[in-house]
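Input: a single structure, listed below in structure tokens.
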Amino acid sequence: MLQRACSGIVFVAILIGATLYSSISFYLLFFFFMIVAIFEFQKLSNYKTPFFYVLGTFTFLLSTGGLKILKNYFPINNLFSNDITNATFIYVLLFFAFLILLFKKQQNNPFTDLGIIFLTFLYAIIPFTIILAIPFCNETNTYQGSTFLGCIILIWSTDTFAYLTGKAIGKHKLYQKISPNKTIEGSLGGLIFTLITATVLAQYFTQYSLSEWLGLSIVISIFGGLGDLVESMFKRAANIKDSGNLIPGHGGVLDRFDSLLFASPFIYFYLQLIS
């Protein structure tokens, strides 16, 4: 229990510190998290290839949020700042997945292999590039670490109070086939307390209004909860308890960020709408 508490405090301190210190510390931390997530997902899918790390690195470097951060520290040619050029380059990298399968020594079902490759791209790579863009969702299009920190606080609130409410009064199973311990009462409790948390956040993080923070809390509660179920589905299929052991007592990166990874595109889309 002590180890779990200490590792949790260290993890939270590093996450908050890197987010608020500077955009480059935020960038480097989540690049590290992405690399670990790729490793963990390869373990889950039982499909290992260095191609994922190459694809992840170039996708991260060429992402919109990544380039916005790097431009503040390095002279970057405008060619690499073009979204169409970057998307085309990433597509070319994905195209190489077909060649890798074509010339593999051990021929498996290509549909299965390609499914795992594209699922790894969608689940363990793309969300991290979207996360990089979240702090820039404001009228000035500049880095604001408090925006991402607010999202993380709302996710923590949803997870924590869904667990506590479910444990206290939960009776009706939410989706027993995938996650037997989650309840409808717990999910509703998580949503209600996250709305309360958003009300408090609005008093300190004033880049968004109260109604906008409340809307964001609903987006996070719904899609964050679904993300938790998706990762539970993967772990159940792989027959493992945790995706990794990076954070003692808390599991791996996929365990800690399951809600955020699934919710990130919906968070980004919502913040773009209100910005």
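Just so it is clear, none of the values below were taken in a lab; they were calculated from the coordinates. The structure presented is a predicted model; accordingly, all values stated were derived computationally and were not measured. When we count neighbours, we look across all protein chains shown, and the Cβ atoms used for this are built from the backbone with ideal geometry, even at glycine.
Before moving on, here are some points about what is shown:
- Within a Gaussian network of the chain (alpha carbon springs, distance under 10 Å), most fluctuating of Thr183, Thr19, Thr49: Thr49
- Label-point separation in nm, Asn245 to Ile222, each point 7 Å along Cα→Cβ: 4.0 nm
- For the stretch 2-274, taking the reciprocal of the average inverse distance between every pair of different Cα atoms yields a Kirkwood hydrodynamic radius of 19.7 Å.
- Report summary: the helix-based calculation at 222 nm, which adds -39500 (n - 2.57) for every DSSP H run with n ≥ 4 and divides by the residues of the chain, gives -24000 deg cm²/dmol.
- Peptides ranked, highest mean first, by Cβ atoms within 10 Å: ranges 218-230, 129-141: 218-230, 129-141
- Counting charges near Thr112 (Lys, Arg +1; Asp, Glu -1) among other residues having Cβ under 15 Å from its Cβ returns a value of +1.
- Here the extension length gained between Ile196 and Asn138 equals 18.6 nm, from 0.36 nm per residue of separation less the Cα-Cα distance.
- Once the Cα-Cα distance is subtracted from the 0.36 nm per residue extended length, the Ile9 to Leu101 segment shows a gain of 28.8 nm.
- When the charge dipole of the stretch 2-274 is built from unit charges on Cβ atoms (+1 for Lys and Arg, -1 for Asp and Glu) and taken about the Cα centre, the candidate among Phe266, Leu214, Phe33 whose Cα reaches farthest toward its positive end is Phe33.
- Net length gained if the chain between Lys177 and Thr160 were fully extended (0.36 nm per residue, minus Cα distance): 3.9 nm
- Placing unit charges on the Cβ atoms only, positive for Lys and Arg and negative for Asp and Glu, gives the chain a dipole magnitude near 700 debye about its Cα centre.
- Nitroxide proxy distance, nm - points 7 Å out along Cα→Cβ at Lys167 and Lys71: 4.6 nm
- Which listed pairs, of Lys48/Lys104; Lys182/Lys235; Lys104/Lys235; Lys104/Lys241, have C-alpha distances above 20 Å, in listed order: Lys104/Lys235; Lys104/Lys241
- Dipole of the stretch 2-274, positive direction: furthest Cα of Ile24, Ile192, Gly227, with charges on the beta-carbon: Gly227
- Once the C-beta distance of Ser25 and Ser275 is scaled by a Förster radius of 22 Å, the resulting FRET efficiency is 0.40 to the nearest 0.05.
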